[in-house]
Amino acid sequence: MNTQERTFSIVKPDAVAAGNAGKVIQLLTDGGLRPVAMRMMHLTTAQAEGFYAVHRERPFFKDLVKFMTSGPVIVQVLEGENAVARNRELMGATDSKKAAPGTIRALYGTDIERNAAHGSDAAATAKDEIGFFFSGAELATLG
Ligand code: ATP
Ligand code: MG
């Protein structure tokens, strides 16, 4: 069965600022997720609020938006076998301090907020998040 799918990824401002973006992307690639679109950008407040709108009632929302707009990020579309779940596995738990050894968040995150990477949590979310940042014409076709 062909289970190739796409997911959406962000290398967050902490990882970019620390010079770890290349290493995060390499770990994802080595883990079987190929970038099919990639862009560096500095999120506006409106973009960060819109992207994380599902969390707008949470107590950490304001801080999260501040963090996500604190510096440039790298937004990516990744393709591979079970890409959504695979990306979450490679990132590790939300709280960097609890993330399994060797995962992106354990290696390059600091805590539950500054956690180096974002990954879509389901196929439907991935579709929405890809559409939020990329047009169809920007997505490379890998055959
Ligand atoms: P992401 O959506 O960024 O991939 P996630 O799905 O693992 O992360 P969510 O619950 O969706 O976790 O939270 C979104 C982001 O909000 C987290 O990645 C983290 O940066 C921040 N966050 C989550 N929980 C907290 C918290 N309790 N305190 C501070 N920040 C938090
Ligand atoms: Mg999430």
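For every residue, the table says whether it meets (1) acidic (Asp, Glu); (2) farther than 20 Å from Leu107 by Cα; (3) out of contact with any Ser or Thr (no Cβ under 8 Å at 6 or more places or on another chain); (4) more than 11 Å from ligand 1 (Cβ to nearest atom).
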| position | (1), (2), (3), (4) |
| --- | --- |
| Gln4 | no, yes, yes, yes |
| Val24 | no, no, yes, yes |
| Asp30 | yes, no, yes, yes |
| Pro35 | no, yes, no, yes |
| Asp63 | yes, yes, yes, no |
| Pro72 | no, no, yes, yes |
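Residues that are within 17 Å of Asp30 (Cβ to Cβ) and in contact with a strand residue (DSSP E or B) (Cβ under 6 Å, 6 or more places away or on another chain) do not occur anywhere in segment 56-73.
Selection of segment 97-119 for residues being of a type in the set (A, V, I, L, M, F, W, C), closer than 25 Å to Leu43 by Cα and touching a Lys or Arg at 6+ places or on another chain (Cβ under 7 Å) yields Ala116, Ala117.
When Leu78 is tested against (1) under 22 Å from Ala99 (Cα atoms); (2) free of Cβ contacts under 8 Å to residues at least 12 places away in the same chain, just one condition goes unmet, and that condition is (2).
Residue-wise test of (1) modelled with pLDDT of 95 or more; (2) not small (Gly, Ala, Ser).
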{"site": "Phe51", "(1), (2)": "yes, yes"}
{"site": "Arg58", "(1), (2)": "yes, yes"}
{"site": "Lys97", "(1), (2)": "yes, yes"}
{"site": "Arg105", "(1), (2)": "yes, yes"}
{"site": "Gly109", "(1), (2)": "yes, no"}
{"site": "His118", "(1), (2)": "yes, yes"}
{"site": "Ala126", "(1), (2)": "yes, no"}
{"site": "Gly136", "(1), (2)": "no, no"}
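For segment 1-60, residues that are within 16 Å of ligand 2 (Cβ to nearest atom), surrounded by fewer than 14 Cβ atoms within 10 Å (Cβ to Cβ), without any contact (Cβ under 8 Å) to a residue 40 or more places away in the chain and not in a loop (DSSP other than H, G, I, E, B) total 3.
Only one entry in Ala100, Ala15 is more than 17 Å from Phe132 (Cβ to Cβ), small (Gly, Ala, Ser) and in contact with a Phe, Trp or Tyr (Cβ under 6 Å, 6 or more places away or on another chain), namely Ala15. Within segment 67-120, the set of residues being closer than 17 Å to Lys23 by Cα, assigned to a strand (DSSP E or B) and either within 14 Å of ligand 2 (Cβ to nearest atom) or open to solvent by less than 10 Å² (accessible area, probe 1.4 Å) (or both) comprises Val73, Val75, Gln76, Val77, Leu78, Ala117, His118, Gly119.
The values are calculated or read from the model by the stated rules, or taken from the named source; none is laboratory data. Here the structure is a predicted model, which means the values were calculated and not measured. Cβ coordinates were reconstructed from backbone atoms using ideal geometry, including for glycine residues, and neighbour counts include every protein chain displayed. In case anyone asks, the SASA skips ligands and DNA or RNA and just uses the protein heavy atoms, side chains included. Shrake-Rupley method; radii C 1.70, N 1.55, O 1.52, S 1.80 Å.
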